[in-house]
Amino acid sequence: MAREQWGTRAGFIMAAIGSAIGLGNIWRFPYVAYDNGGGAFFLAYLFAMLTAGIPLLLMEFSIGQKFRGSSPLSFARINKKTEWLGWWQVAISFVVATYYSVIIAWALSYMVFSFNQSWGSDTQGFFLGDYLEATEAGVLGGLNGNVLIPLIIVWAGVFVIMLAGVKKGIEWANRIFIPLLVVMFLAIVVRALTLEGAVDGLDVFFRPDWQALAQPGVWVAAYGHIFFSLSIGFAIMITYASYLPKKEDLNNSAFITAFSNGSFELLAGIGIFATLGFMAGNLGVPVAEVATSGIGLAFIAIPEIINTMPGFNGLFGVLFFGCLVLAGITSLISITETYIAGVQDKFKVSRTKSVIVGGGLSAIISLLYATRGGINVLDAVDNFINQFGIAFAGLVSVIIVAWILRKLDFLQGHMNEVSDFRIGSWWKFSLMFITPLVLGANFVLALINNIRAPYEDMPLSFLAVSGWGVAGAALVVGLLLSLIKWPPGKLEAYKKEGGQ
């Protein structure tokens, strides 16, 4: 059976952009930029995009389109001995899906809370106490109904989309969600810019500290962010590209995806810092004292800001948390597709069975994060699977493809053959030298930091299971799945589909 294809290249690009614009892009990029030189960081960010982000995106696009399979199948078709790398990436995606869905569930709850600001005046106490009923690290407690109900709704929506298939499900959803997300976020930005103090926030965000560019940490941050920003390194883009027609333009698609994602991140920075400028003015403190990142920004600081807005409080909250839901859903369906496609390819089952097995198992495991101690497990798993899963797998994939298998000339020839413009030697140089050096430095620094001190001062026994254990288990699962034999003729079938 021929592999299902996107309806149009625009549909593929929309889906790729939807995967890249995730929850983290809304709250991560503004803080990373602010903390690493403000306006000067944009130069480092652009350089990182051109020498690591787009080169890696092109590598994954070309692997997926050329070898026409999920990440495990594509790597097995490149060389049977590298199949484990594809399964490792799939296992990482599986882990991410189990907790990512829970954060979307939080955002869905807060979208409802926004109508009458149900979180009250103590936004931190409400989030950690009333809503999450959080316990200390290592204590799970029972299931939390506040999280369980929206989590079921999230997974139900994802199942409907995934069961509909690539063209009628994923592509259709992204064609609706991404334009809606952009319109909603533009409305947030317009509202934020009208708030008193918005200019002060933007001044802090854009003010360039050119001396920061002389600091290695700023460049490490830029490369680290661009890597996570484009959803590269954990099977998504390989899987999505495998649904492209055999002669579809890759080079244009990669540049459009990367710059569209970067534009949205810049838009997010404007909206977030204009809002933080308003908050700082209300409190009579510098913007630096209210600038924070991650979950604390989304579920504690933003509700506090909404409380003090002069008007349209509920609408701003619904728009903001609605954006988180849309951005999260588009990313979650791309993450889920990686292991659905992997199971479908390896075990020769229908898409429906693959969705039920793969999606059902990840939905069940996600209940772990819906417990009262789930936020601690989520925090630890997210930190370790990102640093020692996604980033490490990305580093290994570049080394294997560029240095061990020596496939860059082959892939470059393919992408240039199907594209309107040619990619030159900068692509090979970036993947052979710049990307491995930067990702390697990131990995070593993360390893040293986590060995020196326990993450967030959590108990070592807890981190051994929820942190190191989960990251290590993803690799082990990848190795074990690669031992299972493929159906006869599966590894060669792509040649009949135009893969060679």
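Some notes on this structure:
- Among the residues listed as 437, 431, the single one being within 23 Å of the chain's Cα centre (by Cα), more than 24 Å from residue 460 (Cα to Cα) and without any contact (Cβ under 8 Å) to a residue 24 or more places away in the chain: 437
- The number of residues in the range 417-438 being in contact with a Gly (Cβ under 9 Å, 6 or more places away or on another chain) and open to solvent by less than 20 Å² (accessible area, probe 1.4 Å) comes to 1.
- Residues that are hydroxyl-bearing (Ser, Thr, Tyr) and over 17 Å from residue 418 (Cα atoms) within the range 37-65 comprise 45, 51, listed in sequence order.
- When restricted to residues that are open to solvent by 40 Å² or more (accessible area, probe 1.4 Å) and under 25 Å from the mean Cα position of the chain (by Cα), the range 442-461 contains 9.
- Annotation note: of 314, 322, the sole residue that is in contact (Cβ under 8 Å) with a residue 60 or more places away in the chain, open to solvent by less than 10 Å² (accessible area, probe 1.4 Å) and of a type outside the set (A, V, I, L, M, F, W, C) is 322.
- Within the range 1-21, being among the polar types (S, T, N, Q), part of a helix (DSSP H, G or I) and either without any contact (Cβ under 8 Å) to a residue 24 or more places away in the chain or open to solvent by 50 Å² or more (accessible area, probe 1.4 Å) (or both) holds for no residue.
- For the range 327-353, the tally of residues that are open to solvent by 10 Å² or more (accessible area, probe 1.4 Å) and closer than 18 Å to residue 26 by Cα stands at 1.
- Lone unmet requirement of (1) surrounded by fewer than 20 Cβ atoms within 10 Å (Cβ to Cβ); (2) assigned to a helix (DSSP H, G or I); (3) free of Cβ contacts under 8 Å to residues at least 60 places away in the same chain for residue 402: (1)
- Elements of type helices (runs of 4 or more DSSP H) contained in the range 124-227, each with 2 or more residues being small (Gly, Ala, Ser) and either more than 30 Å from residue 48 (Cα to Cα) or open to solvent by 70 Å² or more (accessible area, probe 1.4 Å) (or both): 145-163
The values are calculated or read from the model by the stated rules, or taken from the named source; none is laboratory data. Because the structure is a prediction, the values reported are computed rather than measured. Heads up, the Cβs are rebuilt from the backbone with ideal geometry, glycines too, and the neighbour counts pull from every protein chain shown. Ligands, DNA and RNA are stripped out before the accessible areas are found, and what is left, the full protein with its side chains, is counted by its heavy atoms. Shrake-Rupley method; radii C 1.70, N 1.55, O 1.52, S 1.80 Å.
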